[in-house]
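The values are calculated or read from the model by the stated rules, or taken from the named source; none is laboratory data. None of these values were measured; they are calculated from a predicted model. As a convention, Cβ positions derive from the backbone with ideal geometry for all residues, glycine included, and neighbour counts pool all protein chains shown.
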Amino acid sequence: MAGLLATEQGVTTPFKAHSDSAPNVYITGNPARDNQTITRPFERAVGKLTAVNPMTGNTDTLTKYLADPVEMKLLHMITADPARTPTLTMFADPNYFLFAGAPNCTSPCVTQQPGFAWNHGDVSPDINTTWLGIVGPGIRAQGVNSSVWSDHTDIRPTMMELLGLKDDYSHDGRVLFEVMKDSALPEVIRQNRALFTQLAQVYKQIDACVGQLGLATLAVSTKALESGSSSDDNTYTKLENQLISINDQRDALAAQIIALLEGSEFNGQPFSDQQAQQLIAQGQALLKSV
């Protein structure tokens with residue numbers, strides 16, 4: 001990365017990177033995300049990086065998406081320790097694995113290496129689409145079911161529900177009751193399967209990293225970070241403020257929905273159709289706002 005930044009964009013800002021197809025970048029000195037002399041020129045430069053593909057000979061744009069701490073918070077990538085928060089994360093072309101490297105290309109900056117059969121941890125359908133096998137008491141014998149949108153966070157609450165166990169905290173995921181028999185579910189869910197399904201699906205699309213909201217805001221974040229110049233960064237400021245507002249709305253709404261879902265899933269608490277429909281409408285409106 002450093003060599004390409006120096007030779008293609010004339011940027012020699014020192015930084016560290018977690019080597020990956022989606023490298024986390026830590027600029028030395030930890031400048032503010034909107035620093036106009038260090039951070040913003042660096043982000044614009046990263047967005048313009050290219051590489052000549054050693055296999056095809058084509059010139060590829062390396063950056064697919066960019067996320068700074070504003071978008072990373074929305075994608076659940078921020079921890080309680082601010083020292084761990086990167087300056088930005090570059091979600092690169094999944095055919096590439098990036099290192100910080102030397103600030104020159106004296107040695108080739110782009111090479112083909114046999115160390116990995118493929119990449120992971122990036123934003124790409126062939127990486128993000130995976131499968132989960134569930135079998136055992138309480139599970140329907142459905143064969144392959146491609147209609148349920150889920151991710152890894154749903155596995156634990158589903159197991160807890162099947163085992164009759166409870167936690168003293170809320171999960172990020174939800175119970176995959178679509179694959180469960182009625183006998184394994186609380187009565188309140190059995191009586192409201194259709195509405196409960198719709199609410200759970202809206203929850204995933206506003207809260208999951210690669211749900212509809214996550215992917216839409218990641219595109220907005222990329223536009224923001226690649227935009228502007230040293231004399232005019234209004235687009236960046238406007239879009240970042242929009243993302244901050246969306247994140248606040250999402251967090252508040254997701255907290256309400258997961259409280260209702262888990263109250264029914266683990267405690268059999270009833271909910272009104274009106275309450276669920278209001279939350280669904282709010283979630284759909286949020287998705288349409290991006």
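Does any residue of the range 40-48 turn out to be within 17 Å of E71 (Cα to Cα), touching a residue at least 60 places away in the same chain (Cβ under 8 Å), of a type in the set (G, A, S) and not assigned by TED's automatic domain parsing to the domain that holds G228? Checking the range 40-48: at least one residue is within 17 Å of E71 (Cα to Cα), touching a residue at least 60 places away in the same chain (Cβ under 8 Å), of a type in the set (G, A, S) and not assigned by TED's automatic domain parsing to the domain that holds G228.
Pick from the range 158-214 the residues that are in contact with a Gly (Cβ under 7 Å, 6 or more places away or on another chain) and basic (K, R): which of them is farthest from G121 (Cα to Cα)? Only one residue fits best here, namely K181. Of the helices (runs of 4 or more DSSP H) lying entirely inside the range 63-168, the ones with 1 or more residues being under 21 Å from the mean Cα position of the chain (by Cα) and in the same structural domain as G268 (by TED's automatic domain parsing) are found at 155-163.
For the range 265-290, residues that are of a type in the set (S, T, N, Q) and under 15 Å from Q201 (Cβ atoms) total 3.
Candidates in the range 21-72 are the residues that are within 26 Å of A216 (Cβ to Cβ) and of a type in the set (G, A, S); of these, the one that is surrounded by the fewest Cβ atoms within 10 Å (Cβ to Cβ) is A32.
Screening S227, S245, S231, S272 for residues that are of a type in the set (S, T, Y) and crowded, with 17+ Cβ neighbours inside 10 Å leaves exactly one candidate, S227. Within the range 122-156, can you find the residues that are exposed (fewer than 15 other Cβ atoms within 10 Å of the Cβ) and farther than 24 Å from V175 by Cα? Result: D126, single match. For A259, are the conditions met, namely being part of a helix (DSSP H, G or I), in the same structural domain as E187 (by TED's automatic domain parsing) and in contact (Cβ under 8 Å) with a residue 24 or more places away in the chain? Criteria met by A259. Within the range 193-224, the set of residues being in contact with a Ser or Thr (Cβ under 8 Å, 6 or more places away or on another chain) and surrounded by fewer than 18 Cβ atoms within 10 Å (Cβ to Cβ) comprises K223 only. Given (1) within 26 Å of the chain's Cα centre (by Cα); (2) modelled with pLDDT under 95, where does S272 come up short, assuming only one miss? All conditions are met except number (1). Exactly one residue among F196, F271 is hydrophobic (A, V, I, L, M, F, W, C), assigned by TED's automatic domain parsing to the domain that holds K181 and part of a loop (DSSP other than H, G, I, E, B), and that residue is F271.
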